[in-house]
Amino acid sequence: MEMKRYIASIMLCMAMSVPVHAFTVVIDPGHGGDDPGAIGRIAREKTLNLNAALQLGEMIKEAYPEVDVIYTRQTDVFIPLHKRADIANKNKADLFISIHSNASDNRNASGAETFVLGTERMEDNLDIAMRENAVIKLEADYQSSYEGFDPNSIDSYIMFDLLQSDYMNQSLQFATLVQKQFVDSLKRGDRGVRQAAFLVLLRTACPSVLIEMGFISNRDEERFLASEEGKIGITRSIFRAFSQFYRPGKAVPALLSDTVVVPTTEQQIAQAREQQKVDITYKIQIFSTRKKLPKNDPAFKGLKNCTCKKDGVWLKYMYGSCKTYAEAKKLQATVKKKFADCIIVAFQGDEQILVKRAIELQK
Ligand SMILES: [Zn+2]
């Protein structure tokens, strides 16, 4: 019976041409809602984490439509730590990526580090574990949810000593790939792969890492983390590590495999900004369908040279190419006569980005 049902479901998937589930990644932007995480001069941790998580998810979906991308939060809301792990377990995650930004009383501290759950040199990393775990105190019933665990008491951390993770090797593998990308491609300061007693990693039943992208308490690094260059560079680094982990030995998709050059001088930053402005195009998306259509298909209602972009199982058809939002608005008004529901979409190079962001970049 079971077998029959299994075969039937596979056949159904094939008939609907839905990709068979291959892999589930749960992306966890740390903090949110009443818990801002670390607060810098210009940036807040919860917002940086959320941006990076959403961007990473988009990149993965774009490159690997067969991968299920699930977020623990997609908006600015508070989610208890244990619920974050529950989301991973309920969805039978194959990989859990928690994204954070660091802070330290030492304003000079800088660099990226990636943690796995473990007790090696745990005392060295107790501060950071305590700080990240302290958020459970915002949860009304934290004492029962975490069986009396007190995030500020060293004694509580003794329980981690008994811990044996089945996923240690794979977690270490992914963490190492992330650090390698941060250091090799993005030239971030390397604080290495470390082990610490993070509650959020304790309950997940899959390879799990916690990434600290950099120090929001360090002026230069905060500026980098909050910049467009920084945001994209960091997300691409994690994305590439994901590619290598998900498809060991296979090449990273061409679109994203260009080496990220991080501009450092004022002049380079200005140049990069100009480059981004030039690189933006707006198009009018007229409809989505699962079917590949020939160029002169009547469905285009006479619109010529429509382009097509794959998004998961969908093919999005688009018309026109404008350099500014104002131009796109005008074009949309004419296209609306044929396609009442058409929308404006934006691209940076080949990568689709939010229209709002495209407008911001062009300011
Ligand atoms: Zn954090």
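See the values below:
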{"read-out": "For Ile284: the one exception among (1) modelled with pLDDT under 90; (2) surrounded by 13 or more Cβ atoms within 10 Å (Cβ to Cβ)", "value": "(1)"}
{"read-out": "Residue, nearest to the ligand (Cβ to nearest atom), within the range 189-226, restricted to residues that are among the basic types (Lys, Arg), over 25 Å from Ile158 (Cβ atoms) and touching a helix residue (DSSP H, G or I) at 6+ places or on another chain (Cβ under 9 Å)", "value": "Arg191"}
{"read-out": "Pick from the range 108-149, criterion aromatic (Phe, Trp, Tyr) and under 22 Å from Lys46 (Cα atoms), ranking: surrounded by the most Cβ atoms within 10 Å (Cβ to Cβ)", "value": "Phe115"}
{"read-out": "Scan of the range 94-107 for residues that are away from the ligand (no atom under 16 Å from the Cβ) and surrounded by fewer than 18 Cβ atoms within 10 Å (Cβ to Cβ), ordered by number", "value": "Asn106, Arg107"}
{"read-out": "Close pairs from the range 76-93: first assigned by TED's automatic domain parsing to the domain that holds Thr24 and surrounded by 15 or more Cβ atoms within 10 Å (Cβ to Cβ), partner modelled with pLDDT of 95 or more and among the basic types (Lys, Arg), Cβ under 7 Å, at least 6 apart", "value": "Asp76/Lys46; Ile79/Arg73"}
{"read-out": "Residue that is nearest to the ligand (Cβ to nearest atom) [pool: residues in the range 6-38 that are modelled with pLDDT under 95 and either assigned by TED's automatic domain parsing to the domain that holds Asp311 or assigned to a strand (DSSP E or B) (or both)]", "value": "Asp35"}
{"read-out": "Of all residues in the range 110-131 being among the aliphatic types (A, V, I, L, M) and assigned to a helix (DSSP H, G or I), the one that is nearest to the ligand (Cβ to nearest atom)", "value": "Ile128"}
{"read-out": "Count - residues of the range 42-56 that are over 12 Å from Gly30 (Cβ atoms) and either β-branched (Val, Ile, Thr) or within 12 Å of the ligand (Cβ to nearest atom) (or both)", "value": "1"}
{"read-out": "Test: residue in the range 172-190 that is in contact with a Leu (Cβ under 9 Å, 6 or more places away or on another chain), under 25 Å from Pro36 (Cα atoms), of a type in the set (Phe, Trp, Tyr) and not in a loop (DSSP other than H, G, I, E, B)", "value": "no"}
{"read-out": "Close pairs from the range 102-129: first over 28 Å from Arg223 (Cβ atoms) and at pLDDT below 80, partner within 15 Å of the ligand (Cβ to nearest atom) and part of a helix (DSSP H, G or I), Cβ under 9 Å, at least 6 apart", "value": "Met122/Ala129"}
{"read-out": "Residues of the range 157-186 that turn out to be modelled with pLDDT under 80 and surrounded by 14 or more Cβ atoms within 10 Å (Cβ to Cβ), as a count", "value": "3"}
{"read-out": "Hey, Ala134 assigned to a helix (DSSP H, G or I), within 16 Å of the ligand (Cβ to nearest atom) and among the hydrophobic types (A, V, I, L, M, F, W, C) or not", "value": "yes"}
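The values are calculated or read from the model by the stated rules, or taken from the named source; none is laboratory data. Computed from a predicted structure; not experimentally measured. Glycine gets a Cβ as well: all are built from the backbone with ideal geometry, and neighbour counts include every protein chain shown.
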